[in-house]
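A.B. asks: Okay, here's the structure, questions in a sec.
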Amino acid sequence: MSTLRLVPGTPDAVLSALTAVLDGSGTPFAPLPADPAAAERVRQAVAPDEPLESDDCAVILTTSGSSGEPKGVMLSRSALLASATATHHRLGGPGQWLLPMQPYFVGGLQVLTRSVLAGFAPVVSADHPGFAEAVAALTGPRKYSAMVPTQLARYLDTELDALLSFDAIVIGGASMPADLKARARAAGVTAVPAYGMTETGSGCVYAGEPLAGTSLRLEDERILISGPTLFSGYRLRPQLTAEVFHDRWFRTQDRGRFVDGRLQVIGRLDDVVISGGVNITLTAVQARLLEHPGVSDAVVLGVPDPEWGSRVVAFVVGRPGGGEPGRNEPGRDELRDFVAEVLPRTWAPRDVVRLAALPMLASGKVDRQGLLEGVAR
């Protein structure tokens, strides 16, 4: 069986190791973040001293750990190439890619895979004084990038001319809010929302439609995915792998529905909590809070509670003024009443925690686990 090597999680080091495994001359690898604590979590998840379960493994990445323990996800050469090929096909053909994110997450790794497949050297944002300078360095016939919603929102405010030079920008790592979609569309920016995860080799559904070769179905709202981009299994966790694979279908933890033939992701299975005997859909509460003029960002979680089983806690980033001159940020009671205008009163958050900004992981996802630990303390 093959052995695994660890490589620095820098763009140059990952690109070199990736190029070698894609052309068959290299050995499987796992990229390490620069942060020592994060690197240690990766080592524990990928177990480099243990033989690989299968030779059908090119790269092992770890899940972000936004809501639990990171897992080593084994991706094959064929899965990486299938994802890159299908992405180029959907976007209109191969091109040159800008890398504005870390390559030890699947979104960044696949920017490099697409670059190798297309034959154009990627441009790394960090190698340039600013975003506009990095974009100006792109010389390929088609220009692409991939980023998380937070990056797109920031660049819409500060770097619109640079964004307009892209043929397409794939938006992943987190759901793309409706207002951000509207802003990008109004500005003329081609932003393509992608749904996927490390286990699916990055985004496998673009703008609600699966990439070539990918199939979707629902079981009681649970999203199931089949296709050539799927991972080979979880590193040294055969029981967990068996739990999520059924007849070559990957059972995600996400809930969805089809609207006019397109997949709409409506939350995670664990977004429904029971509080005082009442089932509460956390994503619905979160969506309602985001409609308040005094809220610029929010996430809603179920926190273990000895009396209620779970209590609903809203972590809210306020918008000073709430859109009205002289108005203070909304208080807990106002937000509870606002939720109760359209949702059951029992769904209103029992607690509201105000934050200057939501804590984010390097992958662009909200650090839900960190928020839960902060409340527990």
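The values are calculated or read from the model by the stated rules, or taken from the named source; none is laboratory data. Only a predicted model underlies this, so the values are computations on that prediction, with no experimental measurement involved. With ideal geometry, Cβ positions are generated from the backbone for all residues, glycine too; neighbour counts draw on all protein chains shown.
A.B. asks: Starting from the stretch 99-123, keep only residues that are in contact (Cβ under 8 Å) with a residue 24 or more places away in the chain, then list their pairs with residues that are among the acidic types (Asp, Glu) and assigned to a loop (DSSP other than H, G, I, E, B) whose Cβ atoms are within a distance under 9 Å, requiring at least 6 positions of separation or different chains.
C.D. replies: VAL116/ASP23
A.B. asks: SER165 is checked against (1) assigned to a strand (DSSP E or B); (2) modelled with pLDDT of 95 or more; (3) more than 30 Å from THR3 (Cα to Cα) and fails just one. What number does that condition carry?
C.D. replies: (1)
A.B. asks: Select from the stretch 200-227 the residues that are more than 20 Å from ALA146 (Cβ to Cβ) and outside any strand (DSSP E or B) and write down the one among them that is nearest to the chain's Cα centre (by Cα).
C.D. replies: Checked the stretch 200-227; the qualifying residue nearest to the chain's Cα centre (by Cα) is GLU221.
A.B. asks: Of a type outside the set (Val, Ile, Thr) and at pLDDT below 95: does that describe ASP35?
C.D. replies: Yes.
A.B. asks: Within the stretch 229-252, is there a residue that is touching a Pro at 6+ places or on another chain (Cβ under 9 Å) and either surrounded by 15 or more Cβ atoms within 10 Å (Cβ to Cβ) or of a type outside the set (Val, Ile, Thr) (or both)?
C.D. replies: Within the stretch 229-252, not a single residue is touching a Pro at 6+ places or on another chain (Cβ under 9 Å) and either surrounded by 15 or more Cβ atoms within 10 Å (Cβ to Cβ) or of a type outside the set (Val, Ile, Thr) (or both).
A.B. asks: Kindly evaluate ALA287 against the criterion of being part of a helix (DSSP H, G or I), without any contact (Cβ under 8 Å) to a residue 40 or more places away in the chain, of a type in the set (A, V, I, L, M, F, W, C) and surrounded by 15 or more Cβ atoms within 10 Å (Cβ to Cβ).
C.D. replies: yes
A.B. asks: Taking the options ALA162, ALA134, ALA174, ALA207, name whichever one is among the aliphatic types (A, V, I, L, M), touching a strand residue (DSSP E or B) at 6+ places or on another chain (Cβ under 8 Å) and crowded, with 19+ Cβ neighbours inside 10 Å.
C.D. replies: Result of the check over ALA162, ALA134, ALA174, ALA207: ALA134.
A.B. asks: To continue, here is another question. Given the conditions (1) farther than 24 Å from ALA284 by Cβ; (2) not in a loop (DSSP other than H, G, I, E, B), and given that LEU236 satisfies all but one, which numbered condition is not satisfied?
C.D. replies: Among (1) farther than 24 Å from ALA284 by Cβ; (2) not in a loop (DSSP other than H, G, I, E, B), LEU236 violates only (2).
A.B. asks: Taking the criterion of being under 17 Å from LEU91 (Cα atoms), at pLDDT below 95 and of a type in the set (Gly, Ala, Ser), would at least one residue in the stretch 187-200 satisfy it?
C.D. replies: No, the stretch 187-200 has no match at all.
A.B. asks: If TRP308 satisfies all but one of (1) of a type in the set (A, V, I, L, M, F, W, C); (2) under 24 Å from MET176 (Cβ atoms); (3) at pLDDT below 95, what's the number of the condition it fails?
C.D. replies: Status for TRP308: all satisfied but (2).
A.B. asks: Across the stretch 334-357, what is the number of residues that are over 19 Å from VAL273 (Cβ atoms), surrounded by 15 or more Cβ atoms within 10 Å (Cβ to Cβ) and of a type in the set (A, V, I, L, M)?
C.D. replies: Count: 1.
A.B. asks: On the basis of being touching a strand residue (DSSP E or B) at 6+ places or on another chain (Cβ under 7 Å) and among the hydroxyl-bearing types (Ser, Thr, Tyr), does THR19 make the cut?
C.D. replies: no
A.B. asks: Another question about this same structure. Would you say ALA146 is at pLDDT 95 or above, assigned by TED's automatic domain parsing to the domain that holds PRO48 and assigned to a helix (DSSP H, G or I)?
C.D. replies: no
A.B. asks: Among the candidates VAL352, VAL317, single out the residue that is among the aliphatic types (A, V, I, L, M), touching a helix residue (DSSP H, G or I) at 6+ places or on another chain (Cβ under 9 Å) and either within 26 Å of ALA174 (Cα to Cα) or assigned to a strand (DSSP E or B) (or both).
C.D. replies: Exactly one residue qualifies, and that residue is VAL352.
A.B. asks: Residue under question is VAL265, and the condition is that it be modelled with pLDDT under 95, in a strand (DSSP E or B), in contact with a helix residue (DSSP H, G or I) (Cβ under 9 Å, 6 or more places away or on another chain) and at negative phi; does it hold?
C.D. replies: no
A.B. asks: Looking only at the stretch 21-36, how many residues end up being surrounded by 15 or more Cβ atoms within 10 Å (Cβ to Cβ) and under 17 Å from GLY119 (Cα atoms)?
C.D. replies: So the answer is 2.
A.B. asks: Looking at the stretch 63-76, can you tell me whether even one residue there is in the same structural domain as VAL148 (by TED's automatic domain parsing), small (Gly, Ala, Ser) and touching a Cys at 6+ places or on another chain (Cβ under 8 Å)?
C.D. replies: Taking every residue of the stretch 63-76 in turn, at least one turns out to be in the same structural domain as VAL148 (by TED's automatic domain parsing), small (Gly, Ala, Ser) and touching a Cys at 6+ places or on another chain (Cβ under 8 Å).
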